[in-house]
1. Could you work out the mean count of beta carbons from other protein chains within 10 Å of each residue's beta carbon in B:87-100?
2. Would you mind estimating how fast region A:50-182 diffuses translationally, via Stokes-Einstein at 25 °C and 0.890 mPa s with the Kirkwood radius over Cα pairs, in µm²/s?
3. With +1 on the Cβ of every Lys and Arg and -1 on the Cβ of every Asp and Glu, and nothing else charged, how large is the dipole of region A:50-182 about its Cα centre, in debye rounded to the nearest 20?
4. In whole angstrom, note down how far apart the Cα centers of region A:242-262 and region B:64-116 are.
5. Work through the residues other than A:Leu128 whose Cβ is under 10 Å from its Cβ and net out their charges, Lys, Arg +1 and Asp, Glu -1.
6. Inside 10 Å of the C-beta atoms of B:109-120, what's the mean count of C-beta atoms belonging to other chains?
7. Which one, B:Asn164, B:Gln126, B:Thr143, is farthest towards the positive end of the dipole of region B:125-175 when Lys and Arg carry +1 and Asp and Glu -1 on their Cβ?
8. Taking amide H atoms as placed 1.01 Å from N in the peptide plane, list the residues 5 or more away in sequence, or in a different chain, whose amide H sits under 5 Å from that of A:Thr279.
Protein chains: 2
Amino acid sequence: MKKILPVVVAAAAMVPIGMATADDDLQSYKDRFEALPHLPPIPANNSMTPEKIELGNMLFFEPRISSSGVISCATCHNPALGWADRIPRATGHDGQVGERNTPTVLNSGFLGSQFWDGREPDLEGQALGPIEADVEMAMDLETALERLTEFDLYQEKFEAAFPNDEEPINADNLAHSLATFQRTLNTPNSPFDRYLHGDAEAISDEAKDGMVAFVDNGCIACHRGPALTDSQFHAIQVPGSTDLGRFTVTGEESDKYRFRTPTLRNVAVTYPYMNNGATETLEEAVTIMGQEMLGREFDETTVNNITAFLHTLTGDMPDFEVPALP
Amino acid sequence: MKKILPVVVAAAAMVPIGMATADDDLQSYKDRFEALPHLPPIPANNSMTPEKIELGNMLFFEPRISSSGVISCATCHNPALGWADRIPRATGHDGQVGERNTPTVLNSGFLGSQFWDGREPDLEGQALGPIEADVEMAMDLETALERLTEFDLYQEKFEAAFPNDEEPINADNLAHSLATFQRTLNTPNSPFDRYLHGDAEAISDEAKDGMVAFVDNGCIACHRGPALTDSQFHAIQVPGSTDLGRFTVTGEESDKYRFRTPTLRNVAVTYPYMNNGATETLEEAVTIMGQEMLGREFDETTVNNITAFLHTLTGDMPDFEVPALP
């Protein structure tokens, strides 16, 4: 874990609240951030087509690819709840509770790896995991594909999405269409994006002070780039967690307790926080991150300002259809 | 159970397929049906207001009123699945499987009583049952109300919906707003409704023959009125069911195995069928109903025609929002 101990903290902390409105002074801070594009990178081997998006949208809401027949991707990645579940740890098949907090799928195409432990490099790799996981959808993949094959509508939609495949209903195409749909679930145009694009009034003075504190205290070292994550792994043991993190993937001693930096996009609507979901509020999360990652005790003003800044990262929720499933 | 043994069956069965296109001859059949209104009756003590609809829409998709935090009304009454679940019997808390097939909430405001056994007279009475049922959302009602009270947005929306109440977040108002939302979930303008309204081409000749068979065989004795149900209780023991039906509510010997006639609106998209959901296809359901309720063995043509007619009862799906929950 790289810790940044910025030298400008003391100076910034002494600037009175409200200085932030002199926006010219903040250009050097704004320059540290990137607005969220409307689309993430699209992999060469999985072009984004309307047919794949439509099919992926259907499959995302399809509970018949779970063994109970009632759990879909949208159960835990619930569009009514920031495309996550707002409970500490994911609850899946037969009410089993998993080890980790459900990450939102919003902007997940911008992440350099998937899952808290980064065990899959991309959304194509990620998509089938929860279907098969015993504590999530608990479904045998072959059975899932057989169930889909029973429906004429799925045969038609898979053929349309993958016209060159002789047997288009297969695991790869299931993953590819789900990944394609997920790449449409982006939230551009947040107040902070509008601010970066020149609308000085798009965020409050408190949020601007929070942006300054976010940079000066070094939060931005890991939470950077368009999704405000470096997609790297950093060691952290939050209260109540014994999760070994990336170590469970690599077996490397140095990966113990390391987790991929989560995106901060829409963080205000994707509570609770941390790998175990034990942290309920943004204020607590900011305080803990200060302590654990930066070795700092943020004062109340700093916590409130950074929290106000984080609230500006909630963007426009994406369009999607509640599909009429066959 | 009243059985109708119509005297015109033999004659109707001999009419060649295609006679149905002479629509003038069918007026007497059409007169037996009622098109679906856009709204069901609204009770005097629960006026329909935009505020109640909006709140009810939120609550319908709200999983935090279940004890697991992941099951909402929309889990089993899934808008992607005809507002039902398309599995034989409802699967709820901790994966428990209930005794009965999930009825669709579509057009449920047109029913004279709620649940398969009619144990509640109206949607206000129905709404809280699944929240509290151990095998469904398994939630203590007081806890559900406390959870809602924690959210400023719910305080605001309950106040807006029930402006005369000092403490608007209460069980009655939870039920009233859910019931109000459900009364918006209607499916007018089905092909059969358009046919009844004068569009002779809205349904196929096969479906018209099915309409004739539906009347002549007496299906319409119980499946009548705008929702194609008399809302009365009739004894039936379908394959695999030992369910005592309305007897569990009244304790009356004469109510053993009696169930409320289900609506046939949208029946093509609300499979599987019967109280235990053991019947997978409409063709089987029609055959079983002929045998069990009418004492008749329908021939293949009759089954196919009635099935074609039932397919014309799928209407326009209702508007609703996937709400942004707090």
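Values quoted throughout were computed directly from the atomic coordinates according to the rules given, and no laboratory measurement underlies them. Treat the numbers as computed from the prediction; the structure is a model and nothing was measured. Methodologically, a virtual Cβ is constructed for each residue, glycine included, from the backbone with ideal geometry; neighbour enumeration extends over all protein chains shown.
1. The shielding value for this peptide is 3.
2. Calculated translational D: 165 µm²/s.
3. Here the size comes out at about 780 debye.
4. Cα centroid of region A:242-262 versus Cα centroid of region B:64-116: 40 Å apart.
5. Here the count lands on -4.
6. Averaged over the peptide's residues, the number is 0.
7. Projecting each Cα onto the dipole axis, the largest value belongs to B:Gln126.
8. Those qualifying (amide H under 5 Å, at least 5 residues apart or on another chain) are A:Tyr273.
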